[in-house]
1. For the charge dipole of the chain, defined by +1 on Lys and Arg C-beta atoms and -1 on Asp and Glu C-beta atoms about the Cα centroid, which residue among GLN232, LEU52, MET355 has the Cα displaced farthest towards the positive pole?
2. Quote the charge dipole size of the stretch 208-290 about the Cα centre in Debye, to the nearest 20; the model charges only the Cβ of Lys and Arg (+1) and of Asp and Glu (-1).
3. Just how far, in whole angstrom, is the stretch 106-160 from the stretch 481-498 if you go by their alpha carbon centroids?
4. Please go through the residue pairs LYS488/LYS511; LYS290/LYS345; LYS285/LYS340; LYS285/LYS404 and name each one whose alpha carbons sit more than 20 Å apart in this structure.
5. Which of THR527, THR449, THR502 has the fewest other C-beta atoms within 10 Å, and how do the rest follow up to the most?
6. Any idea how far apart VAL490 and VAL248 come out in nm if each label point goes 7 Å out from Cα toward Cβ?
7. Dipole magnitude of the stretch 2-264 about its Cα centre, charges +1 at Lys/Arg Cβ and -1 at Asp/Glu Cβ only, in debye to the nearest 20?
8. For the chain, with only Lys/Arg (+1) and Asp/Glu (-1) charged at the beta-carbon, what is the dipole magnitude about the Cα centre, in debye rounded to 20?
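Nothing in this text is a laboratory measurement; each read-out follows from the coordinates by a stated rule. These numbers were taken from a predicted model, which means no experiment stands behind them. FYI the Cβ positions are ideal-geometry reconstructions off the backbone, even for glycines, and counts take in every protein chain you see.
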Amino acid sequence: MKIALAQLNPTIGDLQGNAAQILAAAQGLADVQLLLTPELSLCGYPPRDLLLDPGFAGAALDRLHRLATELPPDLAVLVGLPTPAGQDGKPLHNSIALLRGGQVEQLFHKQLLPTYDVFDENRYFQAGFGHNYFQVAGQKVGVTICEDLWNDEEFWGKRQYLANPIEQLADHDVDLIVNLSASPYTVGKQQVRESMLQHLARSYECPIIYVNQVGANDDLIFDGGSIAFDRQGNLVCRGQSFQPDSIVVEFTADLQPAKIQPLNDNSDAEIWAALVLGVRDYAAKCGFQKALLGLSGGIDSALVAAIAVEALGAERVLGVLMPSPYSSDHSITDAVAVAKLLGMKTMTLPIEGLMQSFDQALAPLFQETEFGIAEENIQSRIRGTLLMGIANKFGHLLLSTGNKSEMAVGYCTLYGDMNGGLAAIADVPKTRVFSLCRWLNREQLTIPTQIIQKPPSAELRPGQTDQDSLPPYDALDAILQGMICDHKSVEQLVQQGFARETVVKIAQLVKRAEFKRRQAPPGLKITDRAFGTGWRMPIASQA
């Protein structure tokens, strides 16, 4: 039996377009008996509150029945969609439909519903139960959906759920287990998936095929990397990362080796590919043809510019220089230099006159006060207003350029540099920004060396640098990693060797900046703990 893995990039809610992708994958096959597609492949993952629309699941089911009649009649196809769950419990199942012979032959329902981080499946779905397997070409195939794999006590050291669907299928002596997934990307996650799947295949002496969604939907990036292991735990295939792919594997008594794409073991290269895909898909799926950003001559805007050019093409990206009286000469020359290296267009809008107009308007109220944060932020808000004006006028996607370190401690201006439709590097710590830029320069100069070497500065007052009010970024990012991602307390971080005064200050800054983050544009997620869908902190809190 030949089995095809269709690693697809669906658009959420585009039932017609997603069905066309599935149909195209099926029609391009020869001598294949089974086609696998990702979790919720017909509607895209995650559909979120579209599932609350009473007509959404019905429309998906109608499109499924039409798709069944369009597919080659001798091909069995597994397609993901929401299906009605009856009167008791939640109204829907997260399901996989078996299409064969022009009919919807069988439905299989996801049993383990994740409700943590970015996942909220208990909000919408009723957990499935029963025997999720079927026969094809004389083989008994067990069906699991994404999280159904992630509950092996021996691998994880604990169980998060009572049931273990893999164990149940092994008890029913299935010949093969397939897993249809929409598993979001984070740095290093593919290695974890492969270790887990290898362990499961060996433990249950059963071959496993894993098909993952690819592409970006809002803040989530899906990296593909579909894989299969034989019953001895040997890797037999691996799909492309961060792009659609199609793989055919052969199954007799076991899975036979097929194409194995190399695993990227460079985290900078991996993150770069994820961010480029995230910007490209966000723009395309939201209907944007072009993007713009404020080009300051700093390292953050240089990296975002490079990402945008790679994602959209240099001719579709505009960099806007907005020098103030406090801007250094090198900030302008560095911005021009990065634009020249990237081949992108720029325009310059000096803001000194606008700053003077604001100063005059506010003079009666601000008289007898010292120059401070309010005046500094006005500069940023002037720039943000100009960028939004251009974006609105020409229908461009405005990319904000703040990094995760700044977003964490509030070193960003609401209604200023936070303006935008997408925060491209909002989950990238400052130290990683430097690392990515050095990686980009590994073969040819992409980011001017002087941008990487100069001290970071917002240039909102003469001689200002970030380290005037923040610890060095190596220390700051280490504290933030421990506090945000590793859930460490102040005491634990102090015991780790950080100064108590510094840790307490950073904890206070993170808490105070929550109201800003709540109003930020969506940011592409690349770590296990991002300021996005999965971050649910209160703003008004005494904790």
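1. MET355
2. My answer is approximately 240 debye.
3. Cα centroid to Cα centroid, the span is 35 Å.
4. Working: LYS488/LYS511 15 Å; LYS290/LYS345 12 Å; LYS285/LYS340 29 Å; LYS285/LYS404 24 Å.
Flagged as over cut-off: LYS285/LYS340; LYS285/LYS404.
5. Ordered by Cβ neighbours within 10 Å, fewest first: THR449, THR502, THR527.
6. Label at VAL490, label at VAL248, 6.4 nm between them.
7. Charge dipole of the stretch 2-264: 200 debye, to the nearest 20.
8. On the way: 44 positive and 60 negative charges, 150 e Å.
With Lys and Arg at +1 and Asp and Glu at -1, about 720 debye.
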